[in-house]
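What follows is one structure encoded as structure tokens, with my remarks underneath.
Coordinate-derived values only; no laboratory data. Since the model is a prediction, treat every value here as computed from it, not as a measurement. Don't worry about glycine lacking a Cβ; one is built from the backbone with ideal geometry, like all the others, and counts go over all protein chains shown.
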Amino acid sequence: MAESLTYLITGGAGFIGSHLSDALLAAGQRVLVIDDLSTGRYANVAHHAGNPRFHFARASIRDAIVLDRLASQADVIVHLAAAVGVQLIVQQPVHTIETNVMGTEAVLKAALRYRSRVLIASTSEVYGKGSRIPFSEDDDVLLGPSSKSRWSYAASKMVDEFLALAYRDEYGLEVVPVRLFNTVGPRQTGRYGMVIPRFVGQALAGEPITVYGDGQQSRCFCAVSDVVAALIGLSTEPAAPGRVYNVGSEEETTIMALAELVRELTGSRSPIVTIPYAEAYAPGFEDMQRRVPDTSRVRALLGWQPRLSLQETLQSVIAYEQQGP
Ligand code: UDP
């Protein structure tokens, strides 16, 4: 990146946001972070304190005054602040819907005032129960009923995408909705249900590795460094705005195979146990059996591709977890 840009990262102290901050600061950009530290951690960005190109504001994105002050300085806004993780969503559906919908509305309004480009983080959850693998951006989606609260996350993120694209259509705002698939790496916490930090933590502690369901469901896990490279590319590529992009790995693994790989790489003797979904989440919980992205759109635009294998990524997570908090 030749010119120096100012980025505003909402949720910049979170898992993905803090890695994005690291990469942008390393590339010579200026980074403003707004984070209410509800699920993010100041420790994730504390190493930038004292850097004149870094500014941290502890505030909610629904704090209009703080958001406006930061947005007024930003060339690009990367909106990552959101209620995160399926477990949290099942536990706090009101918070999820309000944060995701009203937060994004506030960010788009601020971006419009200053005409900044805005990346909106969406999620592979929007593909719902779609069975045509791989998932491509313009596929139809199939969500479950509103009586099952897990779908509120997907529906709220779809509203975000609709709203972003509407700002593009009506006001010509440069919006880039990005559907992030399962992303992993150091600093991700297992507290909100994410499978890899949970399995690594369990394996290192010698506790049972808890596979939900029969473990034959599969996911594609992408290293956070690769996801961040795609986000940075999409934030500057002139032809990016106005379309939705899948970002993720296409390397598919079952959750049972993942549990076995984690046990092998940690040298753990933890047993692998299966737990029924109803016990792990809530009665009637519906999991996705497979989730694989078609990433040809982002690859064609940026020449992007994931660089780290699942094994390399797991090794970096294991090394991080071994350091302790
Ligand atoms: N999972 C599991 N054990 C755990 C946590 C999660 O087997 O301790 C499973 C979960 O049911 C899902 C997969 O791992 O099938 C990925 O879960 P995660 O919450 O990381 O992401 P999701 O793909 O559900 O958004």
Open item on the list: Regarding the stretch 176-272, what's the average projected area of the Cα-atom convex hull, expressed in nm²?
Closed with: 6.9
Task: Hydrodynamic radius by Kirkwood, which averages 1/r over all alpha carbon pairs of the chain, in angstrom - done: 20.0
TODO: Can you find, among Leu234, Leu258, Gln289, the residue farthest towards the positive end of the dipole of the stretch 221-312? Put +1 on the C-beta of Lys and Arg, -1 on that of Asp and Glu.
DONE: Leu234
TODO: Please give every one of the aspartates and glutamates within straight-line cross-link reach of Lys109, meaning a C-alpha to C-alpha distance under 15 Å, and leave out same-chain neighbours fewer than 8 residues apart.
DONE: Asp63, Asp68, Asp75, Asp160, Glu161, Asp169, Glu170, Glu174
TODO: Give, rounded to the nearest 20 debye, the magnitude of the charge dipole that the stretch 134-177 has about its Cα centre when Lys and Arg contribute +1 at Cβ and Asp and Glu contribute -1 at Cβ.
DONE: 400
Task: Beta bridge orientation in the chain: antiparallel %, DSSP, nearest 5 - done: 10
TODO: Any chance you could run the full-extension gain for Phe162 through Leu301? It's 0.36 nm times the residue separation minus the Cα-Cα distance, nm to one decimal.
DONE: 47.8 nm
- [ ] Any chance you could run the full-extension gain for Glu251 through Ser146? It's 0.36 nm times the residue separation minus the Cα-Cα distance, nm to one decimal.
- [x] 34.7 nm
TODO: Please compute the net charge surrounding Ala82, taking Lys and Arg as +1 and Asp and Glu as -1 over other residues with Cβ under 10 Å from its Cβ.
DONE: 0
Open item on the list: Report the Cα centroid-to-centroid distance between the stretch 137-161 and the stretch 164-217 in angstrom, as an integer.
Closed with: 16
Task: Dimensionless Rg over Rh [the stretch 1-117; C-alpha; Kirkwood] - done: 0.97
Task: Residues of type aspartates and glutamates that Lys148 reaches as a straight line, Cα spacing below 18 Å, ignoring anything fewer than 8 places off in the same chain - done: Glu98, Glu125, Glu279, Glu286, Asp287
- [ ] Report the net charge of residues surrounding Gly14, where surrounding means a beta-carbon distance below 11 angstrom and charges are Lys +1, Arg +1, Asp -1, Glu -1.
- [x] 0
Task: Neighbour count of at most 15 Cβ within 10 Å plus DSSP loop: longest trypsin sites (Lys or Arg not before Pro)-free window in the chain - done: 149-268
Task: Nearest-20 debye value, the stretch 1-125 charge dipole, Cβ charges on Lys, Arg, Asp, Glu - done: 280
Open item on the list: Which three numbers, in whole Å and largest first, are the semi-axes of the equivalent ellipsoid of the stretch 207-325 derived from its Cα gyration tensor as √(5λ)?
Closed with: 31, 19, 12
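With +1 on each Lys and Arg Cβ and -1 on each Asp and Glu Cβ, how big is the dipole of the chain about its Cα centre, in debye rounded to the nearest 20?
500
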